[in-house]
Structure formats: structure tokens, C-alpha cells
Amino acid sequence: MSSVIESHHDDHHHGPAKGLMRWLLTTNHKDIGTLYLWFSFAMFLIGGAMAMVIRAELFQPGMQIVQPEFYNQMLTLHGLIMVFGAVMPAFVGLANWLIPMMVGAPDMALPRLNNLSFWLLPFAFGILLSSLFMEGGAPNFGWTFYAPLSTTYAPPSVTFFIFSVHIMGASSIMGSINVIVTIMNMRAPGMDLMKMPLFVWSWLITAYLLIAVMPVLAGAVTMMLMDIHFGTSFFNAAGGGDPVLFQHIFWFFGHPEVYIMILPAFGIISHIIETFARKQLFGYESMVWAMLSIAILSFVVWAHHMFTVGMPLAAELFFMWATMLIAVPTGVKVFNWVATMFKGSISFETPMLFAIAFVVLFTIGGFSGLMLSIVPADFQYHDTYFVVAHFHYVLVPGSIFSIMAAVYYWIPKWTGNMYDERMGRLHFWLSFVGVNVTFFPQHWIGLAGMPRRYPDYALQFADWNMVSTAGAFLFGASQILFLFIVLKTVLGGKKATPQVWEGARGLEWSVESPAPYHTFSTPPKVN
Amino acid sequence: MNKSAKRTLKYLSLAVFGMFFFSFALVPLYDVFCEVTGLNGKISQSEEGVSYESNTGRDLTIQFVSHNAEQMPWIFRPSEKIMKVKTGKYSNATFFVKNNTDKPMTARAVPSVAPSNANEYLKKLECFCFEEQFLAPGEEALLPVRFIFDSNIPESINNVALSYTIFDITNYNDMEMAHHDGR
Ligand code: HEM
Ligand SMILES: [Cu+2]
């Protein structure tokens, strides 16, 4: 990323500034994309280390390594860090790197805002992590921070948690505003909405979702803050409030949030499958419509997380049907990916391996989701490891595999160097085996009744927990390999051509590798 | 930045503020929704001037349940645990409370009905849950509930539980009460 390609315009900076100030003050979308991606990687490793603490404790029944209080803190921080610190910033980083190049724009629309949205994140997570060293410990109420656990019974550090959620929220809101303004106003002439690359489409929809629900999350934590410090009773029954209200507000944010974490993945996977199947993507328009309908439906299914709070039958039925309906557009997407591969001349480079694994394993997660959407069944499954298995299948081999696929796919464009294909494949296979060994048995122990979020469990769950922990350490260790591969690629390697992949389509492949510091200062022609 | 980008920026910022306020609007909306639909086991106060009395009622069992919220030291229990009542006829029940501490205290009881679809048929004319309860140290009282079941209550419901949780709100008193008082 250090290449300096002279821009043809005198009014531009000619290249990145030198030293640390470059990164602090940069308004270049590629620099900011890089910052986001590294930040996300750091959070992935920290959140991953916490997952290792959790799995180590669960290796055997009984308490062996940590205290239950600390276990709860690890569980909470792991969830928060992975969702808000790893997955979301990784997608924003990809958006920064790719969207301007994909739509033929010179940069993001609001470059200084872009700098601010990134630099808020280290503060937000610094605050969150510092709560580990506060009196009473870090937040311990789960990533869903249900009141009154997170209000009446919360440790004092909850105030810092609230503050950090506010900052993260502000950062994502600014990031999404930037994405929308860029996409709506800076596309190269001739690029109609229905000609946009699917990654751009997926991010446009995601950004709207973020703008709709991040303020609701901010509202929820603000109400908590007021309950804790200003004597209101939003969630306190003694003063006429209602803790169930918290769950409604949280999941009104929370369900769209889970789609925020998967829609950009849909875009990425579409590009990769198209490239390595060497065929045009099957059903572009239906892909766009599917994403739009998923996004809209995601606002009317939130209570499937709350089937057991005592809703009346009519509401249970409504939320059950609405949830099942989401499986239809999701199915359309899976069908289109498979149809794209059908009769293609497929090659299995690392990005494609991750993409195919995504299609298969995400579908498994979708099916367990469907099982959970059945109200009477969910009364049995709710708050068991089955739910844990479900959301890890959609998030790890779903969102995270898509991010890894994206890194392997575009890193030649970013660095100008090819990654080591043999090592990439090794990383894939280790991750693939690791993820399945970790999470598949959790379906079984969940169905057998093991509740989630406890540091200890009954003896009959011991065997599969041991397997799951072994898988988790395999998965965790293989991410060190990933770090090594990325570093090695940044530092050197076989030079990449501008096209990089034989079957790749899109404007980003028309510029040199590595992509010059300034691209498309004059808009390209799109036909 | 060109003009159309500025316009996009403006409506997006408005949307952000709009959604933030919407999240607070969810609070009253939620209550309205629960009241209209009778969800959440919230008790409906009987409307003025409407009579639910009838002579064609049937037998029904009502159970009274009391809970103390955490750290609420009062003694709080129903005088009778189970009553046989007739729908369409007024009935009276009482709960015994005693402030067994050496401090004056204020409490509020929050009611709940199970099954929740019985809720809209259980009408209360008088209930200690409508008001705060103040008791001096050592003071005790019998708190009344006067209620009637609407005879339209579905045939399938033969047992209804009316439960109260009593909360210590002594320290809430100086502060503003919640967004709405009682139910
Ligand atoms: C066909 C699609 C899907 C369906 C039908 C579905 C359904 C459900 C249901 C019913 C639950 C609640 C289970 C319970 O708590 O008892 C749930 C939980 C969850 N789902 Fe999904 N889901 C789907 C896709 C996804 C996707 C794509 C993601 C994220 C990328 C996701 C992430 C989650 C998470 C994080 C939870 C658990 C939240 C928690 O309680 O901590 N789901 N899902
Ligand atoms: Cu959901």
C-alpha cells in the first residue's frame, strides 16, 4: 500500500503523507479502509482470546479455570467485541476500500467524516475493554444486556459500557451516511442503480438498516442510563416500567442488526462465485429484490427472540410466519449461487473455497433458524446451546468466512502481491474443520437441553463439550496462520496483474495492482 | 460536495434523529398497544358507567398470589388464597400487609393476570394497586380489591390467577415517577 502513482491532477495530493500522521489525519478511502480492517482484525483476536477462555472453562464440567463472575464478563465482552468490533468494522473497511472503486468515484463523499468515524472506534473499544479493570468488573449481563440485569443489578462499569455503545453507534451512523451519500451521488456516469455491483447494493441496503436501527440502540442505552442515574423507570416495574419493553426495543434493533452482519456478505459471495465459476451471476435482479425484501422483513420479526416472554397467541403466530417468510428470499439467494456454479468452469482458489463453504454452512444456519422460528419448538430450544449453534453457524462460517474470502479475493488489489495459495488453502481447511467441530456438536447438546450462558453444566453434556473446545482451539490457532498469511502478502509475494483473477468483473479490476492512492479522479465510462 | 449530495446528507441526518425519537415513542406506544389489546396481563380498570353485572354467570376459581420484589421486607399475603366466584357478580378480597421495619415506607403493588387472555374480562372497581401504600413502622393494614368478571369470559377459562408484586418505592418518592403512574 506504499506505492505512489502520480495523479494527473495538480490539485491533488500526490501520495500518502509519511509516518504516523498519515494514519491519524488521512481522509483517503483506501487508508481508512485499511485502518478499519486492521482494527477489526485486532478485535477479532481479542474477542477470540475471550472465546478461548470461555471454551477452556467449558472443556470439562465443574469450575476449573475462571470464576463464574469472570466467565460472565468474558461472555459479554466476547459477544460485544465480535459483533461491534470485528464483524461490523470489517464490513465498513471493505466498503471503504471497494465502494468508491466499484462505482468509479475518486473517494468517499465525506472524507473527513470518514476519518472521524474510524477514529471513534479505538476510543469506544478502549473504554469497553478498560471496564475489565474497574471495580466490580466489566459488563456481565450478556451482549443482549437485558434490563434489569443491566440496570438494577449491573456493575458500576455499566455507565462506561453505555458510553462506549453510544460512541460505536455514532461511528456506524456516520459510516453509513457516508456510504449512502457516496452511492447515491458519486457513481460514474452510466452506472444506473440496477447496474451496480452487488456488493455496492448490499451495502446500500445495509447502510439504510444501520441508519434506521442504530439510533434505536442509542435510545435503549439512553433509557438505561436514565433508569440507573436519573431515577426514571423505563424498565423498572416498581416505578411503572416494564423489563419486557427493554427486550422489544433491543430486538427491534437486534434483528435488523443480524442482517446488517450478513447482507454485505451476500454481496461479497456473489462476486466471488461469479468470478471463480467464470459465469455471469445467475439472477442479478432477483438478488437485489431478495436483499431488499430481507431488509424490509427484518423489521417485523424481532419478537422471534422473545417467544417465551408470554406473548399472546396472535403475536406468536404473526412473528412465526413473518420469520419463516424471510427464508424465502434467503432461499432465492442460495438458489442463485448454486445456479451460478452449475455448469461453470470452477476453480478452487482460497476465496472460492471460503465462498462455497459459506453457501453450505450458512444454509445450515438458516435451517436451524427455521427450526427456531417454530413457536412450540422454540419453547424447547430457547436459551439452549441450539441457539448458540444457530447464530454461530450464520455468523462464523457466514459473516466471518465472507470477510476472509473478501480479504483473499481483493488483497492482490490492495497490496499488489498474490497471497500464498498453498497457505491460504491450509488456512481454509483448518478453519473449516475447526468451525464445524466447534459448533456442530452444540446443536446436539442444545437439543439435549444444555442451557446457554452458564460456566458449568451437567455431566451428560461433557463429551461433546470437550469436542467443541478442541474444535475452538483449532479454529483459534488457524487464525494466527491467517494473520501470518496477510502479513506475508503485505510485505511481498508474486506480483499481481491488474486483472488478478481471470473471471473477475468490475471497475476495481481495471486499475493497477496495487490500486493507486487516487483512483478514478476522472470518472470512468460505464456501458 | 454537490447539491444533491447535500440533500441526501440532510434527509439521512433527519432520519437518524427521527429514529432516535422513535425509540422513545416506542415506550408510550408499547403501553397503548398493551392496553388496547389487553396484552402483558395488564389489569384493565373498569370503565365508568359500564355495568358488567348479570344473572347468567357461571362459576370460576380465582387464585391470589403475592410476591415481594427483591429487598422488600414487608409481610404481604392474600387473606384467602382461593375464592370461588360467579361471573357477573361483584366480589371482594383483601390482602394483608405489614411494615415490619422501623422506618416509614412507601410501596406499590403491580398486578398481573394469568392466563393473559383472562385479563380483559377481569374488571376492578377498587384496588390497592391503583395507589401507593404508605405504612408507618410496624403498621399493618388490610388492602381491598373489588372486582367482577365479565360474563363474556371464554368458556375455556375456569381458573384465573391474580398476582401482585409489591415494590419498595420509598426512595422513588422524591423523584419524578415513571413515564406513567400505575396501571
Ligand atoms: C432463515 C433465516 C433465519 C431465521 C429463520 C432465524 C431465526 C432465529 C430465531 C427464531 C432466533 C431466536 C432463537 C431463540 O432465542 O430462541 C434466532 C436467534 C439468533 N439469530 Fe437467527 N435466524 C435466521 C438467520 C440469521 C442470520 C442471517 C443471523 C446473523 C448473521 C442470525 C443471527 C442470530 C443471532 C445472533 C441470534 C441469537 C441472539 C441471542 O439471543 O443472543 N440469524 N434466529
Ligand atoms: Cu432475529
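What distance in nm separates the two pseudo spin-label positions at A:ARG422 and A:ARG278, each 7 Å out from Cα along the beta-carbon direction?
Distance between label points: 2.5 nm.
For A:LYS279, tell me the accessible area in Å² from a 1.4 Å probe, rounded to the nearest 10.
60 Å²
Rg to Rh ratio, the range B:45-175, alpha-carbon atoms and Kirkwood radius?
On the way: Rg = 15.8 Å, Rh = 15.6 Å.
The Rg/Rh ratio comes out at 1.02.
Mind checking the per residue accessible area of the protein assembly as shown for me, 1.4 Å probe, whole number of Å²?
Per residue, the protein assembly as shown has 41 Å² of solvent-accessible surface.
Could you work out, residue by residue across B:22-31, how many beta carbons of other chains sit within 10 Å of that residue's beta carbon, and then give the average as an integer? Don't skip to the answer; put the middle values down first.
Details: counts 5, 13, 7, 1, 8, 9, 0, 1, 5, 4.
Shielding by partners across B:22-31 averages 5.
Highest first, please rank the peptides A:253-260, A:123-130 by the mean number of other Cβ atoms sitting within 10 Å of their residues.
A:253-260, A:123-130
Applying a 10 Å radius around every beta-carbon, put B:149-161, A:203-215, A:51-63 in order of their mean neighbour count, most first.
A:203-215, A:51-63, B:149-161
As an exercise, use a Förster radius of 45 Å and the Cβ-Cβ distance of B:PHE33 and B:ASN55 to find the FRET efficiency, rounded to the nearest 0.05. All intermediate terms of the calculation are to be shown ahead of the outcome.
On the way: r = 35 Å, r/R0 = 0.78.
Taking R0 as 45 Å, the efficiency between B:PHE33 and B:ASN55 is 0.80.
Can you tell me the 0 to 90 degree angle between the C-alpha axis of helix A:158-185 and the longest principal axis of chain A, rounded to 10?
30 degrees
Enter the mean number of other protein chain beta carbons within 10 Å of the beta carbon of each residue in A:172-181, as an integer.
Values: counts 0, 6, 1, 0, 2, 6, 2, 0, 6, 8.
Mean partner shielding for this stretch: 3.
How high is the relative contact order of chain A, in percent, with contacts defined as C-alpha pairs under 8 Å that are six or more residues apart? Mind dumping the intermediate values first?
Numbers: 857 pairs, mean separation 98.9, N = 527.
Result for chain A is 19 percent.
Checking the cross-link filter: which lysines have an alpha carbon closer than 24 Å to that of B:LYS86, excluding same-chain neighbours under 8 positions apart?
Partners found: B:LYS42, B:LYS123, B:LYS124.
Give the long-range amide H neighbours of B:PHE96: residues separated by 5 or more places, or on another chain, with amide H under 5 Å away, using H modelled in the peptide plane at 1.01 Å from N.
Those qualifying (amide H under 5 Å, at least 5 residues apart or on another chain) are B:ARG77, B:SER79, B:LEU143.
Work out the FRET efficiency for A:PHE342 and A:PHE318 from their Cβ-Cβ distance, taking R0 = 25 Å, and round it to the nearest 0.05. Write out the running numbers ahead of the final one.
Numbers: r = 37 Å, r/R0 = 1.48.
Efficiency, from the Cβ-Cβ distance: 0.10.
To the nearest whole number, what is the average tally of beta carbon atoms from other chains within 10 Å of the beta carbons of peptide A:265-275? Please report the intermediate quantities before stating the final value.
On the way: counts 0, 0, 0, 0, 0, 0, 0, 0, 0, 0, 0.
Other-chain Cβ atoms within 10 Å of each residue's Cβ, averaged: 0.
Above 43 angstrom, tally the Cα pairs of chain A and express them as a % of all pairs, no decimals.
On the way: 20067 of 138601 pairs.
Value for chain A (Cα pairs over 43 Å): 14 percent.
Taking the Cα centre of the range A:11-89 as origin, work out the dipole magnitude from +1 charges on Lys and Arg Cβ and -1 charges on Asp and Glu Cβ, in debye rounded to 20. Spell out each step's value before the answer.
Working: 4 positive and 4 negative charges, 43 e Å.
With Lys and Arg at +1 and Asp and Glu at -1, about 200 debye.
The values are calculated or read from the model by the stated rules, or taken from the named source; none is laboratory data. Computed from a prediction, not measured in an experiment: that's the story for all the values here. Cβ sites come from the backbone with ideal geometry, for glycine too, and all protein chains shown count toward neighbours. For accessibility, only protein heavy atoms count, side chains too; no ligands or nucleic acids. Shrake-Rupley method; radii C 1.70, N 1.55, O 1.52, S 1.80 Å.
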